[in-house]
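These notes concern the structure reproduced below.
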Amino acid sequence: MEQFKLIIVEDVPLELKGTEGILRNDVPEAEIIGTAESEEAYWKLIKQQVPDLVLLDLGLGGSTMVGVEICRHTKVEYPHVKVLIFTGEILNEKLWVDALDAGCDGIILKSGELLTRGDISSVMSGKKMVFNQPILEKIIKRFKASVNSEILRQESLVNYEIDEYDERFLRHLALGYTKDQITALRGMPFGVKSLEKRQNELVRRLFPEGNNGVNINATRLVTRAIELHILDADHLFADEDKHP
């Protein structure tokens, strides 16, 4: 790894001291040209000398969004500068997404193995999406859950003989569409009476043992479709919205 210039943005003195110690011991190639405890101090520093890398904490002055905005504006004003997030916000997943959307080159959580020479080397070599073990574990957990959910959905589509029109019908019922509105969808070749027959057929398939004698309305049918993973409650969309 070649020599490079670095600015550290951190407002907790003890954590700043620890970060400087990590760099001094493990990354001798890093030349710390300045440290900043606030947004104002950071912009003053970078205007004096542009670094190769900004090691950026997100929670500055009690506001998590300050760090995100520093990242976003840095990437606009100095697109060649790499920004590595080093944050103690270990539970705020929405904040991680905001930082990624702002263009950061990676996120290192202040837990587990902390910041390593390998993390710094990866960023400086141009690698994107550099994460340490704690955040990788969370990403893998979400990935596995997403894949398993999709597998269950595909199995349910086969097991309950759900075709494209069944899925569209159920999805739009879940979104609050009436049968009249569903018949007006592009490519939906059914009238209201046909949809009523389709609904009755779906009830028969999704409730093979009935519903303890209780009438099954559209709301109960949709709930059952979600329970069986035929519909994904987190990814409901109207066809018109997806294909404007």
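The values are calculated or read from the model by the stated rules, or taken from the named source; none is laboratory data. Owing to the predicted nature of the structure, the values given are computational and were not obtained by experimental measurement. For neighbour counting, all protein chains shown are included, and Cβ atoms are generated from backbone atoms with ideal geometry for every residue, glycine included. Note: accessible area is taken over every heavy atom of the protein model, side chains too, but ligands, DNA and RNA are not part of it. Shrake-Rupley method; radii C 1.70, N 1.55, O 1.52, S 1.80 Å.
Scanning the range 166-187 for residues that are part of a loop (DSSP other than H, G, I, E, B), within 18 Å of residue 232 (Cα to Cα) and among the small types (Gly, Ala, Ser) yields a count of 1.
For the subset of the range 188-202 comprising residues that are in a loop (DSSP other than H, G, I, E, B) and closer than 14 Å to residue 166 by Cβ, which member is most open to solvent (accessible area, probe 1.4 Å)? Going through the qualifying residues, I end up with 189.
For the range 24-40, the candidate set comprises residues that are in a helix (DSSP H, G or I) and free of Cβ contacts under 8 Å to residues at least 60 places away in the same chain; within that set, the residue that is nearest to residue 69 (Cα to Cα) is 39.
So that you can scan it fast, the table gives a plain yes or no per residue for (1) over 30 Å from residue 89 (Cβ atoms); (2) touching an Asp or Glu at 6+ places or on another chain (Cβ under 6 Å):
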site	(1), (2)
126	no, no
130	no, yes
153	yes, no
162	yes, no
170	yes, no
182	yes, no
198	yes, no
210	yes, no
219	yes, no
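When 45, 100, 6, 84 are checked against the criterion of being among the hydrophobic types (A, V, I, L, M, F, W, C) and either more than 18 Å from residue 122 (Cβ to Cβ) or in a loop (DSSP other than H, G, I, E, B) (or both), a single residue qualifies: 45.
Return yes when residue 40 is in contact with an Asp or Glu (Cβ under 7 Å, 6 or more places away or on another chain), farther than 15 Å from residue 82 by Cα and among the acidic types (Asp, Glu) and no when it is not. No: the conditions fail for residue 40. For the range 30-45, the candidate set comprises residues that are surrounded by 15 or more Cβ atoms within 10 Å (Cβ to Cβ) and either touching a Phe, Trp or Tyr at 6+ places or on another chain (Cβ under 7 Å) or basic (Lys, Arg) (or both); within that set, the residue that is nearest to residue 78 (Cα to Cα) is 36.
Within the range 140-159, being polar (S, T, N, Q) and in contact (Cβ under 8 Å) with a residue 12 or more places away in the chain holds for 149, 156.
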